[in-house]
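In what follows, a single structure is set out as structure tokens and then discussed.
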Amino acid sequence: MIILDHLSKEYDKTRVVDGLSFSIETGSIFGLLGPNGAGKTTTIRMLCGLTKPSGGLGLIGGKDIWKNRFEIRTQFGYLAQKFSLYPDLTVSENLRFFGGACGVARKVLGSRTDYLLETTDLIEKRHAMAGSLSGGMKQRLGLACALIHDPPLLFLDEPTSGLDPVHRQELWSLLYELSDRGKTLLVTTHYMDEAERCTEVAFMHNGCLLGKDKPD
């Protein structure tokens, strides 16, 4: 699903991602582990086509992450670190808005919204303002919006940051369900216990890849 070959990024002559090379298999939960400032978020931003790589190559489904960035955006969903939805819209309105932005056909958008509300256990909150939700519910809504166009790939940037243990477990249960349905997940984290839940883990430090293997 993803191939990186010496992918790099520099800001003001400081290399924040330094020659990453690894691949991610379709259907896996791939954990990118490292402390704050390791380069995890910058790596995801390059994969999402939000920032141009300074060097190297990145491919998603065989297509270049920068040259084909507009084309491949339909192939992934992105859950950012911070809540980035519209707080003055309801839960359902956020889903319908992002569905329209992602080109989901009107005739299937309603059923798709209902399905995701049920999947993320947000049915009772469908008419609540997004800004009024708890941290755990906001993350579930963010995940639902990232899934509204049914992409085969998900980028989750520290999705459990700031959540209590119960909400962390609930979110990971959802991620397992998505993986079982064939989705490929790239999850960044700095929690060792979350890395152990992944199919494969890569360790980053100061922009460099220290190792990549199965958690055990």
task = Pull out the extension gain between TRP66 and THR14, defined as 0.36 nm times the separation in residues minus the alpha carbon to alpha carbon distance; nm, one decimal.
result = 16.7 nm
key: Viscosity 1.306 mPa s, temperature 10 °C, Stokes-Einstein D of the chain from Kirkwood C-alpha radius, µm²/s   = 90
request  = Could you provide, to the nearest whole Å², the per residue accessible area of the chain with probe 1.4 Å?
outcome  = 49
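For the range 73-135, what class follows from the C-alpha gyration tensor (a ≥ b ≥ c being the square roots of its eigenvalues): rounded when a/c is under 1.5, otherwise prolate if a/b is larger than b/c, else oblate? Could the numbers behind the result be given before it?
Values: a/c = 1.68, a/b = 1.20, b/c = 1.40.
Verdict is oblate for the range 73-135.
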ask   = Of the accessible area of the range 97-216, with the probe set at 1.4 angstrom, what percent is carbon plus sulfur?
value = 52
query = Mind ordering 143-155, 67-79 by average Cβ neighbours within 10 Å, highest first?
reply = 143-155, 67-79
ask   = Excluding ligands and nucleic acids, what accessible area in Å² is computed for TYR115 using a 1.4 Å probe, to the nearest 10?
value = 90
inquiry  = Checking a compactness column here: for the range 120-216, what do you get for Rg(Cα) / (2.2 N^0.38 Å), N being the number of residues?
reply    = 1.16
inquiry  = Using helices alone, I'd like the mean residue ellipticity at 222 nm for the chain: each DSSP H run of four-plus residues gives -39500 (n - 2.57), total over residue count, nearest 500.
reply    = -9500 deg cm²/dmol
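Within 10 Å, count the other beta carbons around each residue, average over each peptide in 119-129, 47-57, 28-38, and list them highest first. Don't skip to the answer; put the middle values down first.
Details: 119-129: 15.3, 47-57: 17.2, 28-38: 19.9.
The most tightly packed comes first, giving 28-38, 47-57, 119-129.
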note = Given pairs LYS82/LYS214; LYS82/LYS125; LYS67/LYS125 and cut-off 31 Å on Cα-Cα distance, the over-length ones are LYS67/LYS125
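The values are calculated or read from the model by the stated rules, or taken from the named source; none is laboratory data. All values reported here derive from a predicted model rather than from experimental measurement. All Cβ positions, glycine included, derive from the backbone under ideal geometry; neighbour counts span all protein chains shown. SASA here: full protein model, heavy atoms, side chains in, ligands and nucleic acids out. Shrake-Rupley method; radii C 1.70, N 1.55, O 1.52, S 1.80 Å.
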